[in-house]
1. Has the stretch 278-298 got any residue that is part of a helix (DSSP H, G or I), crowded, with 21+ Cβ neighbours inside 10 Å and not hydrophobic (A, V, I, L, M, F, W, C)?
2. Restrict the check to the stretch 222-231 and report whether at least one residue is of a type in the set (A, V, I, L, M), in a helix (DSSP H, G or I) and modelled with pLDDT of 95 or more.
3. In the stretch 364-397, which residues are under 16 Å from the mean Cα position of the chain (by Cα), assigned to a loop (DSSP other than H, G, I, E, B) and either without any contact (Cβ under 8 Å) to a residue 40 or more places away in the chain or crowded, with 24+ Cβ neighbours inside 10 Å (or both)?
4. Got at least one residue in the stretch 250-260 being farther than 30 Å from Val160 by Cβ and surrounded by fewer than 19 Cβ atoms within 10 Å (Cβ to Cβ)?
5. What residue, among those in the stretch 408-425 that are crowded, with 24+ Cβ neighbours inside 10 Å and of a type outside the set (Gly, Ala, Ser), is nearest to Tyr485 (Cα to Cα)?
6. For the stretch 430-452, what are the residues that are over 14 Å from Asp403 (Cβ atoms), in a loop (DSSP other than H, G, I, E, B) and modelled with pLDDT of 90 or more?
7. Suppose we filter Gln261, Gln317, Gln296 for residues that are of a type in the set (S, T, N, Q), within 27 Å of Val193 (Cβ to Cβ) and either at pLDDT below 90 or touching a helix residue (DSSP H, G or I) at 6+ places or on another chain (Cβ under 6 Å) (or both); which single one remains?
Amino acid sequence: MTTTHPSIFLGEQKGPSRRSLDQLREAIASEYGARLWRTVHAGARDAAGTDPLLPGTALPGRPAEQITHANADNAICQAVVRRLLRAALVCVVTGDDRFRQDALAQMEALFDPQRWPQWLDFAHEVFAADLRTGQLGAGVALTYDWLYPHLSAAERAMIVEGLDRCAIRPYLATAGTKPHWLTRPSNWMTVVVGGLGIAGMVLGADHDRSDLLVEMAQPRMEHYLSVLGPNGEFNESVGYAGSLHYPVRYFAARHSFTGGQEDRLAGHPFPHACRWLMHATVPPGHTVPFGDAHRQAPLLIGYFAPIAAAARDGLLQWFMETYGLVDPGDLTHVDALDLLWYDPTLAAAPPGRAAGGRDDLPLGAAFPGWGGLAASRSSWTDADAVVVHGKAGREPIHEHLDDGQLVIHAGGAPLIVDLGSPSSYPADFFGEHRARYYNAGVAGHNLLQIGGREMRIEKPRAGIFLRTAIGEHGAAWSIDLTGAYRDVIRVTRSVIHLLPDLVAVLDDCEPATAEPVTLRWHTADRAAIDAAGSFRAQAAGPRGPVRLLGQICPLSGSAATFRRGEHRYRPPYDRTRLNEPLEQRRESFVAAETHGSRCRLLTLFVIAGPGTAPPAWPPERDGDTWRVPAAGGIATVSAGAGGLTAASAGRTVRLPPAV
């Protein structure tokens, strides 16, 4: 198909998944569009005239080892693409030639083997083309497309030649060796294959292999969608869900390219994946760091815009407008595509009652696909909301050994935390020694450890939901974790979140023989635990300190002992891929240790938000029932033969016995 430039996402005339310049200016005139424009324009203005970004360029938050080794890592490649697309879009809107010159200078640097020796990460040198090839290839192609009317014939030829030499030829050569990214549906496929597919759509008659690039991408990207769960569950860790941007970008581009013949964004799995991610977030705009992820990672949801527009889904529009640009002064994470995709004619619709009286965005949800996300929150609109996240299983890609993990967030701050990823990847982080790095092992999570052993690495999704109960008073779930552990008869975890501020967790295990059992809770601070199992944690929220009160209650097994501990990496498992020392964060936890052939441990949590005095603590026990002081008054928690129940002031959430 011959391409008239620009054609993908931006054109002289409006079209499918494509904005005209007039439509773009209408978006800029809207409230949210104006915020996006100010950020895009400021980023382009600040970059114009400065030196091009190189593999060794220092960026805020970029790991020092990547700078020292001048590696083409994700951070620098994302920054390059963001700079190119911002410059191109601002040039088109304003006509200011400074931005065209800035984009050209950055592309000339990319094509210079002295300044950019390869579009390839040192960690991926088994290939000639990798994630960086796809990132940069698609970014340069879109820049070429949008700037085409502003470029001379010589400049166009320079860009096509550089794109061919640095991206297309390495990609096609590597594809002939059958790399995993050609067949395995992961973020690699969407970035590499999808990215070069977009390059093919853009180039059209300008490159003699463009048809091949398009033909290679389409069936593979369609296959990729089939691996997302029935409710939109992502097949990798939540922290990698930002990479959903890439299939959205591809299918939006395909919609433009085919003149509207193929529109995938309005249907499954795209709106469903957005709702799954919404439940995986915490205010003021972060994702829960389950699996291989970074704590307090920003919420990258600009790709909600084309899905919301295609599906005419005002709820997705509301979520994006509320959390997509939390800090207008942050120039780091807003892309030109965020603005180009935004449709100001779609009215945002906050959560409420849908037709038939059902919540269109309930406070709790359980997603059985892939990692088995469970979520409960006291509010969608209160910045101080209490949010509880759990998981039943384990993702097949970028997983940690964390079946059953649980975290608590409140007042805009983490309290019971997931430690996320190390400061940088070790060389063997995804190999058989993964658990030597505590972040990936059972000891680095809020879970039982039985006999000092690790979970089964060879069981990628062993935990399964037994029961879930989502209602107006709270949410509850029980999980069978038996298959995740070695040498056990049975392991279960039951969780209740009684709205707004009480959480009860019952861990029950039967080892094959009597042996030690340890339960750890990782706290936001260096919380101490007393001899009776009581502890307090505190974190700084945006509106003031947030406090968590905890109590671990042994129900069976030998008498428990309690301690505080902290993690550290030990040689030789203390180095990054580039052989630099891992950051020793000495992350803290409280632990209960017991012994037996049947061990049951109940943990009670109460949260006191900003400006709220913590209640008297610890709770009072009467047999299998506890009187727990909480914000709504005294609650009762029972953990007897009838299962796990929490109740307060006529509100009750109940889980029958797990087995």
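The values are calculated or read from the model by the stated rules, or taken from the named source; none is laboratory data. Small disclaimer: the values here were computed from a predicted structure and weren't measured. No Cβ is skipped: glycine too gets one built from the backbone with ideal geometry, and neighbour counts run over all protein chains shown.
1. Within the stretch 278-298 (the criterion being part of a helix (DSSP H, G or I), crowded, with 21+ Cβ neighbours inside 10 Å and not hydrophobic (A, V, I, L, M, F, W, C)), the answer is yes, since at least one residue qualifies.
2. yes
3. Phe367, Trp370, Gly371, Gly372, Arg394, Glu395 - these are the residues of the stretch 364-397 that are under 16 Å from the mean Cα position of the chain (by Cα), assigned to a loop (DSSP other than H, G, I, E, B) and either without any contact (Cβ under 8 Å) to a residue 40 or more places away in the chain or crowded, with 24+ Cβ neighbours inside 10 Å (or both).
4. Scanning the stretch 250-260, I find no residue that is farther than 30 Å from Val160 by Cβ and surrounded by fewer than 19 Cβ atoms within 10 Å (Cβ to Cβ), so the answer is no.
5. Result: Asp418.
6. Hits for the stretch 430-452 are Tyr437, Tyr438, Asn439, Gly451, Gly452.
7. Residue meeting the stated conditions: Gln261.
Here is a yes/no grid of residues against (1) free of Cβ contacts under 8 Å to residues at least 40 places away in the same chain; (2) outside any helix (DSSP H, G or I); (3) under 27 Å from the mean Cα position of the chain (by Cα):
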site	(1), (2), (3)
Pro6	no, yes, no
Asp22	yes, no, no
Glu26	no, no, no
Trp37	no, no, yes
Asp51	yes, yes, no
Pro55	no, yes, yes
Asn71	no, yes, yes
Val92	no, no, no
Arg115	no, yes, no
